[in-house]
1. Is the range 106-117 home to any residue that is under 25 Å from Val8 (Cα atoms) and out of contact with any Phe, Trp or Tyr (no Cβ under 6 Å at 6 or more places or on another chain)?
2. For the range 86-139, enumerate the residues that are touching a residue at least 60 places away in the same chain (Cβ under 8 Å) and under 15 Å from Ala163 (Cβ atoms).
3. From the residues in the range 54-105 that are among the β-branched types (Val, Ile, Thr) and closer than 24 Å to Ala125 by Cα, which one is surrounded by the most Cβ atoms within 10 Å (Cβ to Cβ)?
4. Just for the range 143-158: of the residues that are hydrophobic (A, V, I, L, M, F, W, C) and surrounded by fewer than 16 Cβ atoms within 10 Å (Cβ to Cβ), which one is farthest from Gly120 (Cα to Cα)?
5. Quick check on my filter: what residues within the range 14-39 are more than 30 Å from Trp58 (Cβ to Cβ) and either open to solvent by 60 Å² or more (accessible area, probe 1.4 Å) or among the hydroxyl-bearing types (Ser, Thr, Tyr) (or both)?
6. Those residues that are open to solvent by less than 40 Å² (accessible area, probe 1.4 Å) and either farther than 24 Å from Val31 by Cα or under 11 Å from the mean Cα position of the chain (by Cα) (or both), I need them from the range 112-130; list them, please.
Amino acid sequence: GFANFLWVLILSPFEALGWDLFQVCEVLGTVLGITCLVITARFTAWINGERKTFSHLWGAFWLATSPSFVLWAKSGLEQPLSSLLPIAGAFLLWLARDRFAHYPGPEEKKSLDRRYLYAGLLMGAGCMTRPELHLLAILVGLPLVLDAVRSRKITRAQWLYVAGILAIT
């Protein structure tokens, strides 16, 4: 058995082509790890704002200097993918949620609804990478629950986030 279904699915075509999976995993892990660092820096910049001091890069810097992050990124296992997907999903969801509050026009809401769906799809893909990421998908979506409780209604966008997760899992 395995607990990293999506990672096995991603590697299957390379196995079918007869490629050396150790090298494929190292390359994929490195690319996914670097992408995770970039998304982390963008996420931090969105939360704190970009400053001339480059303080928004500290999160990515500390992640890049973490021995366990670097080790697992090069290990050939699914860790870089399981790090990237929830961070990217949370960034997309919370960015869309913030913009949803500030741009109430119907055309903008349709565009933002898609972002909620994409965030759900990313979180659902994360759930297919590691089983414990189901809990993280719930925790990332908690602000949506608070929004629904405050407004006493569930929006289409909130349903789309959940639908994205369920569509994948």
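The values are calculated or read from the model by the stated rules, or taken from the named source; none is laboratory data. Not measured: the values here are computed from a predicted model. Every residue, glycine as well, gets a Cβ built from its backbone with ideal geometry; the counts of neighbours run over all protein chains shown. Note: accessible area is taken over every heavy atom of the protein model, side chains too, but ligands, DNA and RNA are not part of it. Shrake-Rupley method; radii C 1.70, N 1.55, O 1.52, S 1.80 Å.
1. Of all residues in the range 106-117, those under 25 Å from Val8 (Cα atoms) come to 117.
Filter once more, keeping what is out of contact with any Phe, Trp or Tyr (no Cβ under 6 Å at 6 or more places or on another chain): 117.
Yes; the residues of the range 106-117 include at least one that is under 25 Å from Val8 (Cα atoms) and out of contact with any Phe, Trp or Tyr (no Cβ under 6 Å at 6 or more places or on another chain).
2. Leu93, Ala96, Ala125
3. Once the filter is applied, the top-ranked residue is Ile87.
4. Of all residues in the range 143-158, those hydrophobic (A, V, I, L, M, F, W, C) come to 144-146, 148-149, 154, 157.
With the extra rule that they be surrounded by fewer than 16 Cβ atoms within 10 Å (Cβ to Cβ), the set shrinks to 145-146, 148-149, 154.
On the way: Val145: 14, Leu146: 17, Ala148: 17, Val149: 20, Ile154: 16 Å.
It comes out as Val149.
5. Start the filter on the range 14-39 by keeping residues that are more than 30 Å from Trp58 (Cβ to Cβ), which leaves 14-24.
Once the filter is applied, which keeps residues that are more than 30 Å from Trp58 (Cβ to Cβ) and either open to solvent by 60 Å² or more (accessible area, probe 1.4 Å) or among the hydroxyl-bearing types (Ser, Thr, Tyr) (or both), the range 14-39 yields Glu15, Ala16, Leu17, Gly18, Trp19, Asp20, Phe22, Gln23.
6. Of the range 112-130, the ones open to solvent by less than 40 Å² (accessible area, probe 1.4 Å) are 112-113, 116, 119-120, 123-127, 129.
Of everything in the range 112-130, those that are open to solvent by less than 40 Å² (accessible area, probe 1.4 Å) and either farther than 24 Å from Val31 by Cα or under 11 Å from the mean Cα position of the chain (by Cα) (or both) turn out to be Leu112, Asp113, Tyr116, Ala119, Gly120, Met123, Gly124, Ala125, Gly126, Cys127.
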